[in-house]
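A.B. asks: Below is one structure. I have some questions about it.
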Number of protein chains: 2
Amino acid sequence: MEKRDPAWRVDPDRIRTDWETLATFVDPSRPGHTRRAFSPQDRAARRWVARRMEEAGLAVTVDAAGNVWGLRPGTRDGPKLVTGSHTDTVDGGGRFDGIAGVLAALEVARVLDEAGVRLRLPLAVVDFVAEEPSPFGLSCVGSRAVSGHLAVEHLSLRDDAGRTLGEAIAQLGGDPARLASARLGPDDVAAFVELHVEQGPYLERAGARVGVVTGIVGIDRYDVEILGERGHSGTLPMSDRHDAAVAAARLVLDLMAEAARHPGAVVCTAGRWQVAPGAYNVVPGEARVGVEWRALDPTVSDAMEEALALALRALEGQGYRAEARRVSREAPVPLSPAVQDILLAAARDLGHDAPRLASWAGHDTVQMAHVTERVGMLFVPSRGGLSHSPEEWSEIADVAEGARCLAQAIVRLDGSLA
Amino acid sequence: MEKRDPAWRVDPDRIRTDWETLATFVDPSRPGHTRRAFSPQDRAARRWVARRMEEAGLAVTVDAAGNVWGLRPGTRDGPKLVTGSHTDTVDGGGRFDGIAGVLAALEVARVLDEAGVRLRLPLAVVDFVAEEPSPFGLSCVGSRAVSGHLAVEHLSLRDDAGRTLGEAIAQLGGDPARLASARLGPDDVAAFVELHVEQGPYLERAGARVGVVTGIVGIDRYDVEILGERGHSGTLPMSDRHDAAVAAARLVLDLMAEAARHPGAVVCTAGRWQVAPGAYNVVPGEARVGVEWRALDPTVSDAMEEALALALRALEGQGYRAEARRVSREAPVPLSPAVQDILLAAARDLGHDAPRLASWAGHDTVQMAHVTERVGMLFVPSRGGLSHSPEEWSEIADVAEGARCLAQAIVRLDGSLA
């Protein structure tokens with residue numbers, strides 16, 4: 001019953017036209033291509049997505065969280081094959097990111113129809129609400145609702161204008177009072193596949209037009225606080241000093257050295273620095289550094305944590321008070337090996353030797369992994385690896401090639417799961 | 001004609017009473033013992049100092065910069081022997097610092113009278129204006145006027161309340177329109193000796209009650225700016241990064257390593273850090289670090305400068321843009337070997353094997369070195385080396401012992417210079 005048609009009539013011009021239209025829904029008062037979740041531009045863009053779904057023959061619904069769904073019936077009822085992503089952007093963002101995944105999903109629905117393909121399973125295209133950090137301080141709002149990880153208390157969060165998240169969801173056509181109705185389970189979703197731009201340089205360097213994601217890295221964040229001894233920058237001898245900034249520098253370089261022991265398996269960043277009191281002539285008594293590392297392999301993450309603990313103990317041994325408070329921990333999400341194999345096979349059907357690679361950023365797929373274990377991701381290349389920037393760029397031809405692989409994968413999934 | 005009397009009747013109780021009284025002129029709204037220059041408390045304290053000078057038989061004048069002078073005539077006119085320091089404090093300061101030097105100088109005038117000593121040279125006791133960084137952003141205001149390094153333009157500097165420095169000087173009884181009249185030269189000053197608390201731990205550790213200063217360290221300050229490449233903390237591979245914070249950490253540790261190659265000869269501080277944009281999930285693209293080093297030996301200072309240049313070149317070689325802008329350079333001030341010898345001999349007369357040591361902080365003596373080459377400093381111990389802090393402490397008995405050495409040194413200077 002598996003259908004293979006490497007000749008899917010994916011139309012790059014149609015994708016480009018959609019992409020150009022969607023790129024017009026931006027906040028003119030913000031830099032780059034800004035369409036933040038719950039903004040007037042976001043609402044208008046989502047209405048446009050819904051219209052394009054209808055034009056593609058999909059039955060459109062907006063769930064209680066405001067997610068836009070477009071349904072294509074199967075030959076029988078049951079769990080759906082779901083594909084999609086999100087169309088909101090960060091402030092000062094670009095025109096691809098999750099947008100590529102929504103437009104590719106839409107194109108898949110169209111080409112399946114145009115090719116006369118009847119799937120046994122229903123197919124749903126989704127545009128999730130607020131994948132990027134929203135004005136309410138929460139990301140993946142829509143997919144959290146679907147996975148059951150959006151709590152009723154979250155609806156009371158307020159943005160800077162005093163609006164609640166519940167009110168903002170209602171403005172999208174959602175129904176916050178019936179939030180639980182948005183939740184889906186394995187009986188609703190047979191598999192979820194998200195196409196997204198890579199946001200990194202691996203595919204471009206590999207000369208690949210599509211890649212299959214092995215998993216989404218875990219993210220650990222800590223606030224490190226080091227208390228040394230404040231003193232006069234002249235009269236306090238070097239041998240007596242407990243310079244908190246020097247200690248922070250050592251600790252950060254220790255972490256970087258540990259990261260270098262796991263090449264390609266971890267990234268580590270110390271992005272937030274506060275050194276007090278902050279004068280030329282005062283030996284710093286306090287330093288606070290916000291650190292983050294990301295790894296797919298939990299043993300690598302554990303090694304980073306051990307390196308942090310060692311660095312803290314070393315500083316304690318030198319007379320500092322040094323401690324790290326965990327700010328957040330997101331576990332890595334390995335993606336289904338079975339779905340990976342189907343995505344690889346689909347790409348191979350179309351002549352692509354798609355590399356496997358990790359996703360170093362979070363995605364709606366993280367939430368969807370709570371709904372079904374059958375989750376997968378396809379990446380298309382990002383020029384220069386740039387992301388969350390007005391310079392973010394992917395070739396429409398690559399997005400179209402990703403859509404072809406996605407169509408082929410949907411057919412293969414239908415064959416293997418139905 | 002040299003007079004030696006190791007039995008100078010220095011009265012610690014009299015010094016203590018003066019010290020206790022002066023310590024009452026503090027701003028109750030500020031922490032510690034705060035008497036900032038040009039504050040109402042500073043004005044009241046300076047009036048009290050003038051009264052105590054008069055009670056000690058000195059002829060009091062206030063010069064055009066507001067410095068309080070108390071003159072004791074010699075058996076003939078001519079250049080004066082000058083001793084004194086300052087009574088203003090930093091915000092949240094202590095009760096000793098320059099105060100010890102003013103009170104010791106006052107006590108010297110009294111004990112010389114009580115011992116019936118006639119000096120050939122006139123003796124002047126001085127309480128300089130605003131040695132500490134003033135609300136006008138300038139330090140050593142009074143001694144700068146005396147050395148000719150207070151420019152007329154400085155008088156237009158304004159404090160947060162909008163008052164000009166000229167107005168503030170007038171409130172002290174100065175005459176800013178006649179600023180140049182405060183300037184003194186070698187025909188006015190035969191020698192200048194300042195007693196001050198050490199502000200460091202050397203004398204306490206050496207078990208010494210008095211020390212002779214060899215020189216005042218030079219101070220170099222730089223703003224280092226490092227431009228790397230901002231990026232996504234997940235998707236930007238470690239091997240591609242130009243993390244400006246990591247570069248700053250390396251540069252600072254390079255400077256600290258160079259300082260460690262000159263033990264006891266340099267102190268180095270990186271007290272000001274700015275890392276941008278300052279998020280957990282963004283690789284820092286910019287780092288700014290304010291660094292300072294202090295050394296008495298110019299070759300050591302040159303070695304630090306070379307280390308900075310090397311570190312910057314290393315970063316440039318790694319693809320960063322890195323540069324250092326000199327914020328300020330104060331040359332080291334070696335103190336007169338002849339005056340050092342007299343101070344050492346005076347201390348020895350009184351049974352003290354006074355160590356020689358550098359001053360790691362600036363003093364009014366730096367300005368007075370422009371007036372006469374015959375400048376010297378005596379240090380008394382600071383408990384725990386603490387300075388510019390409410391916990392700053394020196395024993396009154398040590399201040400009294402310093403005053404005895406100062407009296408003896410004045411007599412020796414009078415003998416050698418008159």
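The values are calculated or read from the model by the stated rules, or taken from the named source; none is laboratory data. Quantities reported herein were computed from a predicted structural model and do not represent experimental measurements. We place every Cβ from the backbone using ideal geometry, glycine too, and count neighbours over all the protein chains shown. These accessible areas exclude ligands, DNA and RNA; they are computed on the full protein's heavy atoms, side chains included. Shrake-Rupley method; radii C 1.70, N 1.55, O 1.52, S 1.80 Å.
A.B. asks: Run down A:ASP353, A:ASP349 and say which single residue is in contact with a Pro (Cβ under 7 Å, 6 or more places away or on another chain), at negative phi, open to solvent by 30 Å² or more (accessible area, probe 1.4 Å) and in the same structural domain as A:PHE192 (by TED's automatic domain parsing).
C.D. replies: A:ASP349
A.B. asks: Conditions: (1) in contact with a strand residue (DSSP E or B) (Cβ under 8 Å, 6 or more places away or on another chain); (2) within 11 Å of chain A (Cβ to nearest Cβ); (3) not in a strand (DSSP E or B). B:ARG294 meets all but one. Number of the miss?
C.D. replies: (3)
A.B. asks: Separate question: Could you name every one of the helices (runs of 4 or more DSSP H) located completely within region A:297-389 that has at least 3 residues being modelled with pLDDT of 95 or more and in contact with a Cys (Cβ under 9 Å, 6 or more places away or on another chain)?
C.D. replies: The qualifying helices (runs of 4 or more DSSP H) are A:337-349, A:364-371.
A.B. asks: Filter region B:264-285 down to the residues that are more than 18 Å from B:GLU225 (Cα to Cα) and more than 7 Å from every other protein chain (Cβ to nearest Cβ) and list them by number.
C.D. replies: Once the filter is applied, which keeps residues that are more than 18 Å from B:GLU225 (Cα to Cα) and more than 7 Å from every other protein chain (Cβ to nearest Cβ), region B:264-285 yields B:GLY264, B:ALA265, B:VAL266.
A.B. asks: Then there's this: Please name all residue pairs, on different chains or six or more residues apart, with Cβ atoms under 6 Å, provided the first residue is in region A:344-367 and is within 14 Å of chain B (Cβ to nearest Cβ) and closer than 22 Å to A:GLY207 by Cβ and the second residue is of a type outside the set (Ser, Thr, Tyr) and open to solvent by 20 Å² or more (accessible area, probe 1.4 Å).
C.D. replies: Pairs that qualify, where the first residue is within 14 Å of chain B (Cβ to nearest Cβ) and closer than 22 Å to A:GLY207 by Cβ and the partner is of a type outside the set (Ser, Thr, Tyr) and open to solvent by 20 Å² or more (accessible area, probe 1.4 Å), are A:ALA358/A:LEU296.
A.B. asks: So, B:LEU255, is that one in contact (Cβ under 8 Å) with a residue 12 or more places away in the chain and either within 28 Å of B:ARG329 (Cβ to Cβ) or in contact with a His (Cβ under 7 Å, 6 or more places away or on another chain) (or both) or not?
C.D. replies: yes
A.B. asks: What are the residues in region A:58-109 that are at pLDDT below 95, open to solvent by 10 Å² or more (accessible area, probe 1.4 Å) and either at negative phi or of a type outside the set (Gly, Ala, Ser) (or both), if any?
C.D. replies: Result: A:ARG76, A:ASP77, A:VAL90, A:ASP91.
A.B. asks: Has region B:368-379 got any residue that is within 18 Å of the chain's Cα centre (by Cα), of a type in the set (A, V, I, L, M, F, W, C) and within 14 Å of another protein chain (Cβ to nearest Cβ)?
C.D. replies: There is at least one residue in region B:368-379 that is within 18 Å of the chain's Cα centre (by Cα), of a type in the set (A, V, I, L, M, F, W, C) and within 14 Å of another protein chain (Cβ to nearest Cβ).
A.B. asks: Also, I was wondering about something else. Suppose we keep only residues that are facing chain A (nearest Cβ under 7 Å) and open to solvent by less than 10 Å² (accessible area, probe 1.4 Å) within region B:247-256. Which one would you say is nearest to B:ALA311 (Cα to Cα)?
C.D. replies: B:VAL252
A.B. asks: Can I ask one more? Being under 17 Å from B:ALA346 (Cα atoms) and out of contact with any strand residue (DSSP E or B) (no Cβ under 8 Å at 6 or more places or on another chain) is the filter here, so list the residues in region B:93-111 that pass it.
C.D. replies: B:GLU107, B:VAL111
A.B. asks: Of all the residues that make up region A:217-239, how many are within 10 Å of chain B (Cβ to nearest Cβ) and assigned to a loop (DSSP other than H, G, I, E, B)?
C.D. replies: 7
A.B. asks: Taking the condition open to solvent by less than 60 Å² (accessible area, probe 1.4 Å) and either of a type in the set (A, V, I, L, M, F, W, C) or facing chain B (nearest Cβ under 10 Å) (or both), does A:ALA311 pass?
C.D. replies: It is true that A:ALA311 is open to solvent by less than 60 Å² (accessible area, probe 1.4 Å) and either of a type in the set (A, V, I, L, M, F, W, C) or facing chain B (nearest Cβ under 10 Å) (or both).
A.B. asks: With the condition kept exactly as written, say whether any residue in region A:397-410 is modelled with pLDDT of 95 or more, among the hydrophobic types (A, V, I, L, M, F, W, C), part of a loop (DSSP other than H, G, I, E, B) and surrounded by fewer than 24 Cβ atoms within 10 Å (Cβ to Cβ).
C.D. replies: Scanning region A:397-410 turns up no residue that is modelled with pLDDT of 95 or more, among the hydrophobic types (A, V, I, L, M, F, W, C), part of a loop (DSSP other than H, G, I, E, B) and surrounded by fewer than 24 Cβ atoms within 10 Å (Cβ to Cβ).
A.B. asks: Could you check region A:228-245 and list, in sequence order, the residues that are touching a residue at least 12 places away in the same chain (Cβ under 8 Å) and either open to solvent by less than 40 Å² (accessible area, probe 1.4 Å) or closer than 25 Å to B:ARG261 by Cβ (or both)?
C.D. replies: A:GLY228, A:GLU229, A:GLY231, A:HIS232, A:SER233, A:GLY234, A:LEU236, A:ARG241, A:HIS242, A:ASP243, A:ALA244, A:ALA245
Per-residue answers, yes or no, for (1) touching a residue at least 40 places away in the same chain (Cβ under 8 Å); (2) in the same structural domain as A:ALA338 (by TED's automatic domain parsing); (3) not hydrophobic (A, V, I, L, M, F, W, C):
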residue: A:SER156; (1), (2), (3): no, yes, yes
residue: A:ALA180; (1), (2), (3): yes, yes, no
residue: A:GLY185; (1), (2), (3): yes, yes, yes
residue: A:LEU203; (1), (2), (3): yes, yes, no
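A.B. asks: Scan region A:267-324 for residues that are touching a Pro at 6+ places or on another chain (Cβ under 9 Å) and of a type in the set (Phe, Trp, Tyr) and report the count.
C.D. replies: Count: 1.
A.B. asks: Could you look through region B:35-50, keep only residues that are in contact with a helix residue (DSSP H, G or I) (Cβ under 8 Å, 6 or more places away or on another chain) and open to solvent by less than 40 Å² (accessible area, probe 1.4 Å), and pick out the one that is farthest from B:ALA104 (Cα to Cα)?
C.D. replies: B:PHE38
One line per residue, one yes/no per condition, for (1) in contact with a helix residue (DSSP H, G or I) (Cβ under 7 Å, 6 or more places away or on another chain); (2) of a type outside the set (Phe, Trp, Tyr); (3) not assigned by TED's automatic domain parsing to the domain that holds B:CYS405:
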site: B:ARG209; (1), (2), (3): yes, yes, no
site: B:VAL212; (1), (2), (3): yes, yes, no
site: B:SER239; (1), (2), (3): no, yes, yes
site: B:LEU255; (1), (2), (3): yes, yes, yes
site: B:ALA270; (1), (2), (3): yes, yes, yes
site: B:PRO277; (1), (2), (3): no, yes, yes
site: B:ALA287; (1), (2), (3): yes, yes, yes
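A.B. asks: Exactly one condition in (1) open to solvent by less than 10 Å² (accessible area, probe 1.4 Å); (2) under 30 Å from A:ARG356 (Cβ atoms) is not met by A:GLU305; state its number.
C.D. replies: (1)
A.B. asks: Going through A:LEU236, A:LEU227, A:LEU184, A:LEU172 one at a time, which residue ends up being closer than 29 Å to A:VAL125 by Cβ and in contact with a Phe, Trp or Tyr (Cβ under 9 Å, 6 or more places away or on another chain)?
C.D. replies: When all the criteria are applied, what remains is A:LEU172.
A.B. asks: Quick one: B:ALA259 ticks every box in (1) outside any strand (DSSP E or B); (2) facing chain A (nearest Cβ under 7 Å); (3) more than 23 Å from the chain's Cα centre (by Cα) bar one, so which box is it?
C.D. replies: Going through (1) outside any strand (DSSP E or B); (2) facing chain A (nearest Cβ under 7 Å); (3) more than 23 Å from the chain's Cα centre (by Cα) one by one, B:ALA259 breaks only (3).
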